[in-house]
Structures are given as C-alpha cells and as structure tokens.
Amino acid sequence: MTMSNSPCTDDGLTLRFWGVRGSTPVSGPDYAEFGGSTPCMEVRCGQRLFLIDAGSGLYHCGQHHRTGLPKAIDLLFSHLHLDHTGGLPFFKPAVLDPEQVINTWCGNLDGQSAEAALGTLYAPPLFPVTLDILPCTLRHHGFKAGQTLTFGDGAQVDTILLNHPQGSVGYRFDHAGKRLCIISDIEHTDPWPDEELMRFVEGADLMVYDGMFTDCEYPTCRGWGHSTWQKGVELARAAGVKALAIIHLHPGHTDTVLRAMEADMQAEMPTAFIARERSSVAVGAQAARRPVTLARIA
C-alpha cells in the first residue's frame, strides 16, 4: 500500500492520517517520523469527505485545509474517550466559520448522540467555555452500532460495535469497487478472530487496526480495550484483507521502536505498515513492501 502526501485527484477511495497516537499526544525528536497527535482520519470517497474522530490531529486537518473544507462536514466518532474528542474546539478555522455545519455521529451510546457528553466535557471547570459559543453549527446524531448510516446525499457507511470499554464503533467504506475498514479502538477476544468482525472486514483492500500494545505489553494491560499488531495480522489473514495499517500507537513507542515493529510485521504480512501522521493512502493501489517516509507538511 503506497503512502504519500499528495492530495486526492480522482474518484477513488483515499485515507489520510491526521493523528495516529493513542491515549495522549506526544512530541519531540523521538516521534518525528510517525507523529504524536491523537486519532483523526480523513476519508474521501471521490471528493465526498468524512472525518473519523476528533483527537488532537483534527487541529492539523483544519490548518491544512483552511478554506478548502465543504460547508457541511460529517464527523464520525469511534467513541468519546478524551483522545478521540480533545481536538474538537481546535478544529480551526472550521469552528470559527458561521456558515460551517459539523454533523457529529455517535454509535456507542445505544442510540444517544454525543451532545450531552461533549457538553459535560466542554464546560467549566473542565474547559473554560461551552461549545455553543462557537460560531459554527454543531448538529449531533445518535445511532446504534451495527446500523448502516445513510446520509442526505445518498452516501452509506456500514458500522459494527467493537470490544472496548463503553463500546467503540468500526466503520466500513465501499466506494469505486474498493473497501476500507477502520477498526479502532478494539481489544481482541478469545477465541480470535471474531466471526462477526471477520465478516465485516472480509475482502477489504485496507483495514486500519488498533495495535497499541506489543505481545509482551498486552498481558499487563488486559481489559484496557486495545490490541496488538499480531492480532491484526491474524484477522487480516482470516478475512482475506489485502493490506493492514496499524494505528492507536502507544505514546511510549518511539520511532526506533515502531520501525523495528514494522519490520517484524512486514515479515509476516508484506502489505502491512504502521500509519504515519499526515500521510495519505490510495486504497486498493498497488501494495508496496514498505511505506514511503514523508516530509512533514504544514
């Protein structure tokens, strides 16, 4: 799977990583290659935009696009833990545009939207102001994971409930004959792979998967809601997934650690790679054994 920093130029299915780190942002020279921002991804079905999660990477997404975003944006939450919501008020200039509509979609609260939870988080004493002072319009939608989302323009996105504390939602995008599945945050089960999840990701051209822990780290973190790259490879093989991207990277895993981990993973599955912040993937493009190392972009 070839990665680059070039914009989408056709009607294909593309993915850009704006934040790939889990739990908390990190910075410094040890995180220059893979990045330190928490989860945010941009999915383009042709020119149709979806955003996945509002971690600190959402800030970089806004700064990159500036005035190039559509006036109505669909922001799909996997769930509402802090590392997936902390970037929302900093999504500038979108949140400062009175003509901007941001639709949030939340599926892990049994049909409730994110409005009440975000209203608690973004209010004193946890945050200095409330979200209703932002010039943009926030519209909150709730659904139950497992439903197919159908949007006003006819676009559809399939969903699945994932094994994570308070639940998490996986998303499946089918466009132009290609399939992209985003499966994070998730903790693998025993037995593994899970049958329902295998059916959901079956035949995907690219599966994005939670690989926060190593096999050695996982036993002491059991029940925390995260997985390993080894379990991602097992699922990909069982479901006939063509390429695998690992995200939700541990904040303690430096570039050196992640490069060694990626080499071990590619020895098992040559089309697997560890996601790098601000890089793009043309889903279904000819796979490469190792992703391209990218320059940082503003």
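The values are calculated or read from the model by the stated rules, or taken from the named source; none is laboratory data. This is a predicted model, so every value here is computed, not measured. Methodologically, a virtual Cβ is constructed for each residue, glycine included, from the backbone with ideal geometry; neighbour enumeration extends over all protein chains shown.
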Restricting the stretch 137-164 to residues that are among the small types (Gly, Ala, Ser) and either touching a Cys at 6+ places or on another chain (Cβ under 8 Å) or touching a residue at least 12 places away in the same chain (Cβ under 8 Å) (or both), the residue that is farthest from Thr14 (Cα to Cα) = Gly142
Sort through Gly177, Gly225 and tell me the only one that's under 20 Å from the mean Cα position of the chain (by Cα) and among the small types (Gly, Ala, Ser).
-> Gly225
Subset of the stretch 32-73, residues more than 18 Å from the chain's Cα centre (by Cα) and among the small types (Gly, Ala, Ser), comes to Ala32, Gly46, Gly68, Ala72
Check the stretch 129-136 and report whether any residue there is in contact with an Asp or Glu (Cβ under 9 Å, 6 or more places away or on another chain), surrounded by fewer than 17 Cβ atoms within 10 Å (Cβ to Cβ), without any contact (Cβ under 8 Å) to a residue 60 or more places away in the chain and closer than 18 Å to Ala94 by Cβ.
-> yes
Sort out which residues of the stretch 125-164 are basic (Lys, Arg) and assigned to a strand (DSSP E or B), and write them in order of number.
-> Arg139
Filter the stretch 63-84 for residues that are surrounded by 21 or more Cβ atoms within 10 Å (Cβ to Cβ) and either of a type outside the set (A, V, I, L, M) or at pLDDT below 95 (or both) and give the result.
-> Asp74, Phe77, Ser78, His79, His81, Asp83, His84
Does the stretch 140-163 hold any residues that are in contact with a Phe, Trp or Tyr (Cβ under 9 Å, 6 or more places away or on another chain) and over 23 Å from Gly46 (Cβ atoms), and which are they?
-> His140, Gly142, Phe143, Ile160
Those residues of the stretch 177-220 which are among the hydrophobic types (A, V, I, L, M, F, W, C) and modelled with pLDDT under 95 amount to Cys216
Residue check: is Arg21 among the basic types (Lys, Arg), under 17 Å from the mean Cα position of the chain (by Cα) and within 17 Å of Tyr171 (Cα to Cα)?
-> no
